[in-house]
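Undergrad: Below is the structure I would like to discuss, written out as structure tokens.
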Amino acid sequence: AAITRVWRERSLRHMAETKGESKAELDGAYMEIAQLRFALGCAHLPDAEKSRMKEQLLAHIKAKEMAPFYKSTCAMLGWPTDEVWLGAMEAANQAELDSLVEKLSNAEQNEGESEICAALLARAEFNMRIGEKQKTIEAFEETYAKTVGLGPKLDLLLSKLRVCLFIEDVKLVSSTIQRAKGLLEEGGDWERRNRLKVYEAVFLMSIRDFKRASTLLLDSIATFTATELLSYNTFVMYTVLTSVLALPRAELKAKVIDAPEILQVIDEVPHLTELLDGLYNCEYKKLLRALVNIVDALQIDRYLHSHARFYWREVRVLAYTQFLESYRSVSLSSMANSFGVSSDFLDKELAGFIAAERLCCKIDKVNGVVSSTRPDTKNAQYQTTIKQGDLLLNRLQKLSRVINV
């Protein structure tokens, strides 16, 4: 009883304290919590890192009194549940919910629509904070139905999108983005429009549509304000990673490598500079070393983990293609040395990509030579012109015979 009373008092203090914390900070922590839990479920995470992340996650749970989330996390990760702590948090949650319900009831009986909407929103944000997923979505929908004005409605849909991304409900994310786009067609300010671009880009990236994701991220880079979804450094990381695969070499240089918004923070994100420099400057050893570390990071990223192997493969194909474009033929040993791998490894690697029709080259194993077999573009254009010219002459001859008759 004493513990319950203490936690009830703490809950009331928490309501007052969090009023001083910005909404972006609260929401940013919400998305960080989702990432921490996901990373802790990855088998290959080093023990030291796992211990540090567990400590961080439990600190967030304690600070935000996330009883429902704590229960689901213990079940998901196989942690023993601290029943005393859980019971105290549940009591604190109930005390705060009772207070919110009382405010909502008072607003419905004695106040106007704006006060009712504010009370409904407070209840939705409470459920969001403690990790009550389904109740949060329902509460945001109830608030949305009572809300007037495009701006507030868009804010509610963006909040709902964070919940959907938190629980990784792909269908609900997609449908909510479409609803938000529908509202923006009726109006809406540039700030919310740009924030929605970032949300959509993260969603597209998570379903491996890197080209469209890159376009939206690059459009948002000068006006990024979606700090409630991800930090600016993480935003830059996603922009660089998607653009490497999506953009041709010249555009990558202009829009990413030389972009001042990226240059100011890129060195704060491990291995990104090496990845870009290695690819653009043809320093392939540096590129592969950076790529190994980046793929390790992607394997514990909740949006990109399922695409880590794809990314590993596609960047290698891109690098091999770029290298071979400079040669009609090159020795296998020389190419292997450029990439910092053995000739045997490179032979097997290239053979796999050639068989999959990802590389236009052939390997002469006897002489140890890789020969480019890429089609000659000018020759192909010449042959096409000849064929089209023959067709035109044939038609003219037929036409002249008809006229002569």
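The values are calculated or read from the model by the stated rules, or taken from the named source; none is laboratory data. All figures in this text were calculated on a predicted structure; none of them were measured in a lab. All Cβ positions, even for glycine, are placed from backbone atoms using ideal geometry, and neighbour counts span all protein chains on display.
Undergrad: Could you please give the count of residues in region 366-385 that are modelled with pLDDT of 80 or more and either part of a strand (DSSP E or B) or loosely packed, with under 10 Cβ neighbours inside 10 Å (or both)?
TA: The number of residues fulfilling the criteria is 5.
Undergrad: So which residues in region 42-66 are within 15 Å of Leu77 (Cα to Cα) and aliphatic (A, V, I, L, M), if there are any at all?
TA: Ala43, Leu45, Met53, Leu57, Leu58, Ile61
Undergrad: Of the numbered conditions (1) of a type outside the set (A, V, I, L, M, F, W, C); (2) surrounded by 13 or more Cβ atoms within 10 Å (Cβ to Cβ); (3) modelled with pLDDT of 95 or more; (4) within 34 Å of the chain's Cα centre (by Cα), Gln94 fails exactly one; give the number of that condition.
TA: (4)
Undergrad: Go through (1) touching a Ser or Thr at 6+ places or on another chain (Cβ under 9 Å); (2) loosely packed, with under 15 Cβ neighbours inside 10 Å and name the single condition Ser105 misses.
TA: Going through the list (1) touching a Ser or Thr at 6+ places or on another chain (Cβ under 9 Å); (2) loosely packed, with under 15 Cβ neighbours inside 10 Å, Ser105 breaks only (1).
Undergrad: Moving to a separate point now. Evaluate the following for Asp344: is it surrounded by 10 or more Cβ atoms within 10 Å (Cβ to Cβ), charged (D, E, K, R), at pLDDT 90 or above and part of a helix (DSSP H, G or I)? Before you say what the answer is, go through the steps one by one.
TA: Values: surrounded by 10 or more Cβ atoms within 10 Å (Cβ to Cβ): yes; charged (D, E, K, R): yes; at pLDDT 90 or above: yes; part of a helix (DSSP H, G or I): yes.
Answer is yes for this residue.
Undergrad: Of the conditions (1) in a helix (DSSP H, G or I); (2) within 30 Å of Asp267 (Cα to Cα); (3) among the hydroxyl-bearing types (Ser, Thr, Tyr), Ser334 clears all except one; give me its number.
TA: (2) is the only condition that Ser334 fails.
Undergrad: Related question: I'd like the full set of residues that are in contact (Cβ under 8 Å) with a residue 24 or more places away in the chain, under 19 Å from Trp312 (Cα atoms) and outside any helix (DSSP H, G or I), limited to region 210-249.
TA: The one that is in contact (Cβ under 8 Å) with a residue 24 or more places away in the chain, under 19 Å from Trp312 (Cα atoms) and outside any helix (DSSP H, G or I): Leu247.
Undergrad: Related question: Which residues, counting only those in region 194-209, are assigned to a helix (DSSP H, G or I) and either closer than 16 Å to Asp169 by Cα or in contact with a strand residue (DSSP E or B) (Cβ under 6 Å, 6 or more places away or on another chain) (or both)? Give the derivation first.
TA: So the first thing to find is which residues in region 194-209 are assigned to a helix (DSSP H, G or I), and the list is 194-206.
Of everything in region 194-209, those that are assigned to a helix (DSSP H, G or I) and either closer than 16 Å to Asp169 by Cα or in contact with a strand residue (DSSP E or B) (Cβ under 6 Å, 6 or more places away or on another chain) (or both) turn out to be Tyr199, Glu200, Ala201, Val202, Phe203, Leu204, Met205, Ser206.
Undergrad: Do we have any residue at all in region 163-170 that's in a helix (DSSP H, G or I) and surrounded by fewer than 20 Cβ atoms within 10 Å (Cβ to Cβ)?
TA: yes
Undergrad: A follow-up question, please. Of all residues being of a type outside the set (Gly, Ala, Ser) and touching a residue at least 60 places away in the same chain (Cβ under 8 Å) in region 163-209, which is nearest to Thr223 (Cα to Cα)? Just the residue, please.
TA: Ranking the qualifying residues of region 163-209, first place goes to Val202.
Undergrad: Within region 176-188, is even one residue in a helix (DSSP H, G or I), under 25 Å from Leu291 (Cα atoms) and not aromatic (Phe, Trp, Tyr)? So that I can check it myself, show each step before the final result.
TA: Here is the first cut: in region 176-188, the ones in a helix (DSSP H, G or I) are 176-186.
When the remaining residues are screened for being under 25 Å from Leu291 (Cα atoms), the result is none.
Scanning region 176-188, I find no residue that is in a helix (DSSP H, G or I), under 25 Å from Leu291 (Cα atoms) and not aromatic (Phe, Trp, Tyr), so the answer is no.
Undergrad: If a residue must be assigned to a helix (DSSP H, G or I) and within 30 Å of Phe166 (Cβ to Cβ), how many such residues does region 268-289 contain?
TA: So the count comes out to 3.
Undergrad: Something else about it: Kindly establish whether Arg212 is more than 17 Å from the chain's Cα centre (by Cα) and surrounded by fewer than 19 Cβ atoms within 10 Å (Cβ to Cβ).
TA: Against the criterion (more than 17 Å from the chain's Cα centre (by Cα) and surrounded by fewer than 19 Cβ atoms within 10 Å (Cβ to Cβ)), Arg212 does not qualify.
Undergrad: Still on this structure: Please specify each residue of region 1-60 satisfying the condition of being part of a loop (DSSP other than H, G, I, E, B), charged (D, E, K, R) and modelled with pLDDT of 90 or more.
TA: Selection gives nothing.
Undergrad: Let me ask something additional. What pairs come up if the first residue lies in region 91-111 and is of a type in the set (Val, Ile, Thr), the second is surrounded by 13 or more Cβ atoms within 10 Å (Cβ to Cβ), and their beta carbons are under 8 Å apart, counting only those six or more places apart or on different chains?
TA: Matching pairs, first to second residue: Val101/Arg123.
Undergrad: Kindly check whether there is at least one residue in region 115-128 that is under 25 Å from the mean Cα position of the chain (by Cα), under 24 Å from Ala201 (Cα atoms) and crowded, with 22+ Cβ neighbours inside 10 Å.
TA: Within region 115-128, one or more residues are under 25 Å from the mean Cα position of the chain (by Cα), under 24 Å from Ala201 (Cα atoms) and crowded, with 22+ Cβ neighbours inside 10 Å.
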